[in-house]
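Below is one structure; the comments refer to it alone.
The values are calculated or read from the model by the stated rules, or taken from the named source; none is laboratory data. Just so it is clear, the model here is predicted, and its values are computed rather than measured. Reconstructed Cβ throughout: ideal geometry from the backbone, glycine too, with neighbour counts over all protein chains shown. Note: areas computed on protein heavy atoms with side chains; ligands, DNA, RNA excluded. Shrake-Rupley method; radii C 1.70, N 1.55, O 1.52, S 1.80 Å.
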Amino acid sequence: MLIENMKMALSALRSNKMRSFLTMLGIIIGIGSVIAITSIGDTMRRMFSDIYKDIGVTQGFIFIGYWIEDERESDYFTMDDIARYKEVFGDRIAYADASASLSGEIRTRLTKKKFEFTGIDYNYMDVQPVTVRYGRYLNQSDIREQKPNCVMEASAARDLYGTENAVGRTFRIPVNGTMTEFNIVGVYEKEQSAIQKLLMGTGNGTGYGYIPWTLLTHPNDTFYQYHYFADPSMSEQELTEFNRELCAYIARTKDRKPEDFYLQTAQSEMGQVDTMLGGVSAAVGGIAAISLLVGGIGIMNIMLVSVTERTREIGTRKALGATTRDILIQFLTESALLSAVGGLIGVTLAVGLVSLGGAAFGLPVTIKPGVILMAVGFSALVGIFFGIYPARKAAERDPIIALRYE
Amino acid sequence: MTGGEAGRELIRLQDLVKIYDTGSLRVLGLDRINLRISRGEFVAIMGHSGSGKSTLMNILGCLDRPTLGHYYLDGTDVAEMTPDELSAIRNRKIGFVFQSFNLISRMTIEKNVEVPMIYGRVRPAERKQRARELLETVGLLSRMEHEPNELSGGQRQRVAIARALANRPPLLLADEPTGNLDSQASVEIMELFARLHQQGVTVVVVTHEENIAAYTHRIITFQDGRLISDEINEHPTPISEHRGLSGRMS
Ligand SMILES: Nc1ncnc2c1ncn2[C@@H]1O[C@H](COP(=O)(O)OP(=O)(O)OP(=O)(O)O)[C@@H](O)[C@H]1O
Ligand SMILES: [Mg+2]
C-alpha cells in the first residue's frame, strides 16, 4: 500500500512537472540555504580549530594592561619570575617563554632578506613540532648561556645560501642595538595546513628562524610578556580554570589585582569565533525557517488546488472502496514527497555550491551526512504538516457529492 | 463468477424514502419504495428523467443513504454503517459502472482495473494477473498499457466494467452505462452484461431506452420517485452466440 501510494504520488508530481517544481522552490531555497550555511559554518569552524591547533589551543599571553597608567618595573617579567611560575604550577605549564622576537635584514652574497626570529626555549618543539633537516635544534645550554645560535627555516636558508644545508654559516644582525654574529646550528621544516598556507601566504619574502629567548630581554633583564602553553591534556574547563589561576597568581606576586593584567588565550579567541559563527548560523537559520514556512504554505496551496481539481478522482476512488484513511494517506504521501524532493534538490544544490566554493579556495569542505538526512527528513515533515489540511479535505469528501462535481 | 446461490435474496428495500433537503426546498427523490432483487437477476430500471433512477442506484450502491426506511444488502442493514464500513461494502460487494466512465486519467487502464483491488489489499502479483484476465474478458488486453484518453467511449466503458468486476462483487450496478455511447457500442455493452449475468452476476442497469432494457429479464419502472411497475421480460433479446467477447470486441 505504501509503495502504491508512492507510485501514485510520483505520477501525480510528474504529470505537473512545472507546477511541482515551482511549488518546491520555497523548500529548495530553505533547505538549500540551511545546508549551505551549516556546511560553511562547519567548514569555518574546522578551519579555525585547525589554525588554533597549529598555533596551540592551550596557548596564552599575560602582560600588564595597556590601561594601567602607573606602570612599574615589577610589572615586567624576569627570567627568575618565569622559572618560579614553572616551579609553582609544575606540569600544568607545558612550555613558557617571553614571546619576544627579533626582526632584521640579512645580507649574503646572493641576496638580502627580511627575517623574523622567534625567541624560544629549548623545548619549544614539544608544543610546535618541526622537522629538523640538518644540524640540531636549540639545546638547554644555548638558552642558559644565551648563545647566539640559530635554527633556520629551510626555504629561507636556501634563499640566503643557495642550499638548505646552511649549518655552520654565520650572519650578523643587531640585538638591542649591538651587532651580533649568529651561528646557524640547524635547519628545520614546518608542515603547514592548507588553511595556514591560504591565510599566511607562502612567499611574502620574510624568513623565519628560532633563537634563544634569553637573548631578547628588555633592558634591565626583563620581558614585557609572559607566554605559555598549558598542559594539552587539560579539559576545556580545567584550562579556563588554570588560565585564571595563573593570571591571579602573577598579579598577586606583582602586587596587582588580577584585572590589571591582560590575559589573552587561544581558548577565549576560539570562543569568540565560535560565538560569531553561531550568530551567523542562527540568523541564516531564521531566514531558512521563514522560507521553509513560505514553502510549506506554497505546498498547502497547491495541494488544495490539486484536491479540488481531482474531486471526481477522489469520488471515484471512494466509490471503488477507498476509505477516508486511504485518501488521507494518498494526499499526505504526495505532499511529503513533493517537499522531500524539494529538500533533496536543495541539498544537492547546496552541497554542489559549497564543494565548488571549497575547491575554488582550495579548502577541504565539511558536509555532515547526518545534516543531509535531517534536512530531507525535515522537509518531508514540512510537507506532511502542510499537507494535513488539504488531505483531510480530500479524505472527508462525500463520495456522491464528489462524483457529481463538474 | 460470484453468483453464489442464485435465487437467494440480495437486495431488499423496505419503505425506503429519500428526501433531498436543499435548504430552501425539499425534493422527494424516492417515495416509499419496496423492492426485492435476488441473486442472479438481470434487472432494468426505467423511467423519465427526474423519476428517481439515479437516486435509487446511488442508494443501492451505498454511495448515498436513505432518509427513511431500510436497505438490506445481503441481509445487513446498510443504514447503520459508518462511512468506512460502507467503503468496504462498496469495495467487496458492489461493482459500479457510471454513465461518464469515471476512469482515472494519467494511469494505464490496467492500473485502473487494479484500483479496487488495491483498496481490497490484494497482493500485487495477484492484482496484475486478475487485471489482465478482466481486460481479456472485455476484449482490451492488447490495450493494457494505454491511458483512458487513448480509448473510445465504448472501450472506456468496457474498462469501467472490468474495473467494477475486479473484486468479484455479487452485485453490478450500472447507471445509464450506454448513455454516452452510440448504438453499436451500446449493444456491445449490453451483450457483455448479459454474458456476465449468464455467469451468475446480479446486474441492475438504468436506461431510458426500450431496446437496452429488452436485454434484461425484469423491467422496473419509476415515475416521480415511485415504483409504478415491475414486470418480467419473457423474451429477452438473445445475445449473438458466436461472437466471442474478445474476438468481437477488440
Ligand atoms: N443532490 C440533489 N439535490 C437536490 N435534488 C436532487 C439531487 N439529486 C437529485 N435530485 C432530485 O431528485 C429527483 C430524482 O433525480 P434523479 O437524479 O434520481 O433522476 P433520474 O431518474 O436519474 O433522472 P435522469 O434520467 O435525468 O438521470 C429529481 O427531481 C432531482 O431534481
Ligand atoms: Mg440519472
Of the numbered conditions (1) over 18 Å from A:Phe242 (Cβ atoms); (2) assigned to a helix (DSSP H, G or I); (3) among the charged types (D, E, K, R), A:Glu87 satisfies every one except a single condition; which is it?
-> (1)
For the range A:123-147, how many residues meet the condition of being open to solvent by less than 30 Å² (accessible area, probe 1.4 Å) and among the charged types (D, E, K, R)?
-> 1
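Just checking, which of A:Gly315, A:Gly321 is outside any helix (DSSP H, G or I) and within 14 Å of chain B (Cβ to nearest Cβ)? Let's see the steps before the verdict.
On the way: A:Gly315 fails: outside any helix (DSSP H, G or I).
The match here is A:Gly321.
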Scan the range B:185-229 for residues that are more than 16 Å from ligand 1 (Cβ to nearest atom) and closer than 22 Å to B:Asp15 by Cα and jot them down.
-> B:Arg218
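Within the range B:133-181, which residues are β-branched (Val, Ile, Thr) and away from ligand 2 (no atom under 16 Å from the Cβ)?
To start, the set of residues in the range B:133-181 that are β-branched (Val, Ile, Thr) comprises B:137-138, B:159, B:161, B:178.
Correct list: B:Thr137, B:Val138, B:Val159, B:Ile161.
Out of the strands (runs of 3 or more DSSP E) lying entirely within the range A:148-192, which hold 2 or more residues that are crowded, with 21+ Cβ neighbours inside 10 Å?
On the way: elements: A:149-153, A:170-175, A:178-189.
Output list reads A:149-153, A:178-189.
From the residues in the range B:182-208 that are assigned to a loop (DSSP other than H, G, I, E, B) and crowded, with 21+ Cβ neighbours inside 10 Å, which one is farthest from ligand 2 (Cβ to nearest atom)?
Here is the first cut: in the range B:182-208, the ones assigned to a loop (DSSP other than H, G, I, E, B) are B:182, B:199-201, B:207-208.
Of the ones still in play, those that are also crowded, with 21+ Cβ neighbours inside 10 Å are B:201, B:207.
On the way: B:Val201: 22, B:Thr207: 10 Å.
Here the residue is B:Val201.
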Consider only pairs whose beta carbons are under 9 Å apart and that are at least six residues apart or on different chains; among these, list those whose first residue lies in the range B:115-133 and is under 19 Å from B:Arg143 (Cα atoms) and whose second residue is among the hydroxyl-bearing types (Ser, Thr, Tyr).
-> B:Val115/A:Thr316
Report the residue count in the range B:64-88 for those that are more than 28 Å from B:Gly153 (Cα to Cα), open to solvent by less than 60 Å² (accessible area, probe 1.4 Å) and within 10 Å of another protein chain (Cβ to nearest Cβ).
-> 2
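Quick one: in the range B:93-149, which of the residues that are at positive phi and crowded, with 18+ Cβ neighbours inside 10 Å is farthest from the other protein chains (Cβ to nearest Cβ)?
Here is the first cut: in the range B:93-149, the residues at positive phi are B:101-102, B:106, B:121, B:139.
Next, from what is left, pick out any that are crowded, with 18+ Cβ neighbours inside 10 Å: B:101-102, B:139.
On the way: B:Phe101: 9, B:Asn102: 4, B:Gly139: 22 Å.
Result: B:Gly139.
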All but one of (1) under 13 Å from B:Asp175 (Cα atoms); (2) within 16 Å of ligand 2 (Cβ to nearest atom) hold for B:Gly95, so report the exception by its number.
-> (2)
Being within 12 Å of ligand 1 (Cβ to nearest atom), surrounded by fewer than 16 Cβ atoms within 10 Å (Cβ to Cβ) and of a type in the set (S, T, N, Q) is the filter here, so list the residues in the range B:13-63 that pass it.
-> B:Thr22, B:Ser24, B:Ser49
Would you check if there is a residue in the range B:33-44 being in contact with a strand residue (DSSP E or B) (Cβ under 6 Å, 6 or more places away or on another chain), within 14 Å of chain A (Cβ to nearest Cβ) and modelled with pLDDT under 95?
-> no
